[in-house]
1. What's the magnitude of the charge dipole for the range A:1-155 around its Cα centre, counting Lys and Arg as +1 and Asp and Glu as -1 at the beta-carbon? Answer in Debye, nearest 20.
2. I need the phi-derived Karplus couplings for the range A:48-61: 6.51 cos²θ - 1.76 cosθ + 1.60, θ = phi - 60°, integer Hz, Gly and Pro marked x.
3. With a cut-off of 20 Å, note down the residues of the range A:45-81 whose backbone N falls inside the zone around a label point 7 Å from the Cα of A:TRP31 toward its beta carbon.
4. Apply 1/(1 + (r/R0)^6) to the Cβ-Cβ distance of A:LEU53 and A:GLU3, taking R0 = 30 Å, and write down the FRET efficiency to the nearest 0.05.
5. How high is the FRET efficiency from A:HIS131 to A:ARG183, r the C-beta distance, R0 22 Å, rounded to 0.05?
6. Give me the tail of P(r) for the range A:1-53 as a percent: Cα-Cα pairs with distance above 15 Å.
7. Taking one equal scatterer on every alpha-carbon of the range A:267-327, how large is log10 of I(q)/I(0) by Debye at q = 0.14, 0.17, 0.26, 0.30 1/Å?
8. Using +1 on the beta carbon of Lys and Arg, -1 on that of Asp and Glu, and nothing else charged, what's the dipole of the range A:131-238 about the Cα centre, debye to 20?
Amino acid sequence: MREKRDRVIRFGMILVGTVLLGGLLYTVWIWAPGSRIRYLLLLLCAGLCLLGLLGNLWQRRQICRFTDELCGTLDDLIAGRKPEQYSYYEDTLAAKVYGKLLQFYDLMSEERRQSRQDKQVIQELVSDISHQVKTPVANLQMFLGILQSQELCEEKRAEFLEMTAGQIDKLDFLMQSLIKMSRLETGTFALHVERTELQGTIAEAVNVIWAKAEAKDIRLSVECDSALTARHDPKWTAEALGNLLDNAVKYTPKGGSVLISVRPWQFYTRVDIADTGIGILEEHCHEVFKRFWRGEEAASQEGVGLGLYLAQEIITKQRGYISVKSAIGKGTTFSVYLLT
Amino acid sequence: MDIITLHHVKKYYGRKENVVKALDGIDLTIEQGTFTAIVGASGSGKTTLLNMMGGLDVPDDGEIMVDGVKLSGLKEEQLAVFRRKKVGFIFQNYNLIPTLTVEENILFPLELDGSAPDQGYLEEITQLLGLKDKLDAFPEMLSGGGQQRVAIARALAVKPAILLADEPTGNLDSQNGQNVAGLLKMTTELFHRTLVMITHNMELAQLADRVVRLQDGRIVS
């Protein structure tokens, strides 16, 4: 239907053009005095027509070339190659189209890269986990081997059973942390971020750590206005704060103190957890959040190196962030920024 | 994927005995989607380095590649298009246009480029940066932190490949500085942009994935 209409329009245009041209020629022939001027005018008319025709052809070629180049670029995109971008930074219409196509290409390759990276992360994770599981399992095998041998007195047997239980606890803790991590990362457990009071969340985090602090004679104090609110998921944020508190208590010597203070800002609400512990070297401040990272100073303490990693994951998932300030021997302050 | 690559970049000012080596052989690669902080004393060449990445300055020697394009191969007009399409700048003194409203300021780079605004995207940005109810205000009616948030929104509007921030918190007090730096980190992460930020403040540098230390025009760590 459309094709037919186009054909009619084109035919009509040619017809009208011919009639107009004929009329012009006739007028020139009738009115122009002298045959020389007549022929000159005819020549000029012919020249103009030729020019129009040539212009038309040239434009057509331009369009053909543009389409060819566009198709070439699209072929490149389909084949997954980066298109040549020779005219990308010129201020032309063609460059604009290329620009958009290149943007599209970048988007696609970014996605490809992301999926490659995800795969790599999984591989690293598997290797990390097997590394972490190896030692307790080897210990368990050893203890069981000893327990199976008959000539053990009752006292020794109880001792080895206790050590076995300790290793199982370690494995259990590792598994629990991994489950939390995978829930967060795969998104099977969505964070319910809502504007709620911070006090309850902090209280929940402190509850978990209270006994440990008591045992080490560490003074825990909280400065938080009961009206303060922040956008957060209470359950998971309590988990993150709990991890930070657990660290604070773990690395603070007997008789020290841990202070939790909250300051509301325009965009972020800042929760500081300040301890009087052993401190972190400045060059390690960045690394403490890495998965399975354990500082040399921390070697004397139990742990797998997932606490801070999990805490950061939880906070960044809520669009907040964590920063550290520390002085060796004086103490460390972890600041958690939650959107107000 | 490396989005910015600098190879043996040098920039000298002055001549003979008065020569100042602003950049003295910089080799640096920055990966796509990361947040890099550049720290160093004043006069260590931080701003010169940033200007080179954004095509605002040309090196005396060496090569700069941004998103697969060699900057030395571009003519002046092409550089202008490069900056418009690929780079978002955030300055210490905001550089907003005082006679335009907040919304017009944010849309300005899009208008220069002649491209249609992506409404959903812009709404998300203004929402995140807390500018939703200030779109009709003029920059001078906002606080320093507010103006810098407008500048961040403007830089993000064209969906640039790289964002370059030169002491974005330099004119702000520490509280507003943390606010702005946090928002900057959050938005660039959310939209997978690459961010390079100059700062004096080590606490802010900690937000970065990587810290580059400059001293006398050289990278020390």
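Values in this text are rule-based calculations from the coordinates and carry no lab data. Just so it is clear, the structure is predicted and the values come from calculations on it, not from any experiment. Virtual Cβ from ideal backbone geometry, glycine too; neighbours counted across all protein chains shown.
1. Details: 19 positive and 18 negative charges, 447 e Å.
It comes to approximately 2140 debye.
2. For the range A:48-61, the Karplus curve yields 4, 4, 4, 4, x, 4, 4, x, 4, 4, 4, 4, 4, 5 Hz.
3. Hits in the range A:45-81 for A:TRP31 at 20 Å: A:45-49.
4. Numbers: r = 24 Å, r/R0 = 0.79.
E between A:LEU53 and A:GLU3, to the nearest 0.05, is 0.80.
5. Details: r = 22 Å, r/R0 = 0.99.
For R0 = 22 Å, the calculated efficiency reads 0.50.
6. Working: 806 of 1378 pairs.
Summing the P(r) tail past 15 Å for the range A:1-53 gives 58 percent.
7. Results for the range A:267-327 at q = 0.14, 0.17, 0.26, 0.30 Å⁻¹ read -0.43, -0.64, -1.32, -1.45.
8. Its charge dipole is roughly 360 debye.
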